[in-house]
Amino acid sequence: MLGCDLAAQFRYRHEVIGMDKEEIDITRASECRGAIDEVRPELVINAAAFTNVDGCETAREECFAVNAEAVKNIATACRDRSIPMVHYSTDYVFDGNAARPYLEDDPCNPINTYGASKLTGEHYLRRLMDNYLLIRTAWLYGANGRNFVQAILERARATGKLSVVDDQIGSPTCSRDLAAATELLVDKNARGIFHVTNRGSCTWFDFARKILQEAHLENVELLPIKTGDLARAAKRPAYSVLSGQKFVATTGKTMQPWQLAFSDYYRYITSRTCCADVCR
């Protein structure tokens, strides 16, 4: 999801070489070293992650292999060749007990395996490298790959009725906007940890309502429920809003509000579908 948008964003001004899991196993240090030796890049961006939050609870070994050990492998290969690295982490490194948006240096305290694995990856990166850019983001959606938007639209059209939690608060973030923000930070030669999400916050229920409005599915019954009503393997933080103050101070830019970002995104995927239908 993010990798496709990063490639599209950076391709305007750079030669981009993308590698997917069919081409490289980042959990193997030798493959990371080999790929970097072959390509000799000026910058390495790692957009790979094991993001099935509930699945991480039962696939702990695979989760940590991708979200932590792989980061160590890539960071080591980059450090040994003096190549800067961009890596992505998550709001789930926090426990959700805050009463205001999380700052980059706030204490981390993950409450599920996914968050713990991503935090371990952060620790490897920060221990092994100085020349890194670590971007924490949240509630990511995009045109490629499984995500909340796709799930809501599919379920709404199939059943006409949805139940969505209204007691988790975060910031829906479009992967296209995150890719553009990444390029801004790279252009500024930014280093260290940055929080990057679309501006503002809402509950998953609010986000679902916005999705249905954009898709003209207002006739779908939408019911608010509590997190405790769901039998889910992984705990979720109740509040995971990230502060974008450091990003604004560094780039001089603000991320667009999540509502506008989603409207732009929905127009984009709708036009893309229409174009595909015409081509067929």
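The values are calculated or read from the model by the stated rules, or taken from the named source; none is laboratory data. This structure is a prediction, so every number in the text was calculated from the model and none was measured. Please note: Cβ atoms are built from the backbone with ideal geometry, for glycine as well, and neighbour counts cover all protein chains shown.
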### Message
For the stretch 204-226, give me the residue count where each residue is surrounded by 15 or more Cβ atoms within 10 Å (Cβ to Cβ), farther than 21 Å from Ala261 by Cβ and out of contact with any Ser or Thr (no Cβ under 9 Å at 6 or more places or on another chain).
### Response
0
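Results for (1) aromatic (Phe, Trp, Tyr); (2) touching a helix residue (DSSP H, G or I) at 6+ places or on another chain (Cβ under 7 Å); (3) within 21 Å of Ile193 (Cα to Cα), shown as yes or no for each residue.
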{"position": "Ser117", "(1), (2), (3)": "no, yes, yes"}
{"position": "Arg127", "(1), (2), (3)": "no, no, yes"}
{"position": "Gly145", "(1), (2), (3)": "no, no, no"}
{"position": "Arg155", "(1), (2), (3)": "no, no, no"}
{"position": "Ala179", "(1), (2), (3)": "no, yes, yes"}
### Message
Going residue by residue through the stretch 7-21, is there one that turns out to be within 17 Å of the chain's Cα centre (by Cα), under 30 Å from Gly170 (Cβ atoms) and free of Cβ contacts under 8 Å to residues at least 12 places away in the same chain?
### Response
yes
### Task
With the checklist (1) modelled with pLDDT of 95 or more; (2) assigned to a loop (DSSP other than H, G, I, E, B); (3) over 19 Å from the mean Cα position of the chain (by Cα) in hand, flag the one item Ala99 doesn't pass.
(1)
### Query
What do you reckon, is Arg236 within 30 Å of Leu125 (Cβ to Cβ), in contact (Cβ under 8 Å) with a residue 60 or more places away in the chain, in contact with a helix residue (DSSP H, G or I) (Cβ under 8 Å, 6 or more places away or on another chain) and crowded, with 16+ Cβ neighbours inside 10 Å?
yes
### Task
Can you give me the number of residues within the stretch 227-273 that are of a type in the set (A, V, I, L, M) and over 17 Å from the mean Cα position of the chain (by Cα)?
9
### Task
Among the candidates Ala138, Ala143, Ala179, Ala116, single out the residue that is at pLDDT below 95, farther than 24 Å from Glu221 by Cα and hydrophobic (A, V, I, L, M, F, W, C).
Ala143
### Query
Of the residues Ile24, Ile36, which is closer than 18 Å to Tyr132 by Cβ and either among the aliphatic types (A, V, I, L, M) or free of Cβ contacts under 8 Å to residues at least 40 places away in the same chain (or both)?
Ile36
### Selection from the stretch 239-280 of residues that are surrounded by fewer than 17 Cβ atoms within 10 Å (Cβ to Cβ), of a type in the set (Ser, Thr, Tyr) and either modelled with pLDDT of 95 or more or touching a Gly at 6+ places or on another chain (Cβ under 7 Å) (or both)
Ser243, Thr250, Thr254, Ser263
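Just checking, does the stretch 108-121 include any residue being assigned to a strand (DSSP E or B), of a type outside the set (A, V, I, L, M) and in contact (Cβ under 8 Å) with a residue 24 or more places away in the chain?
At the first step, the residues of the stretch 108-121 found to be assigned to a strand (DSSP E or B) are none.
No, the conditions are met nowhere in the stretch 108-121.
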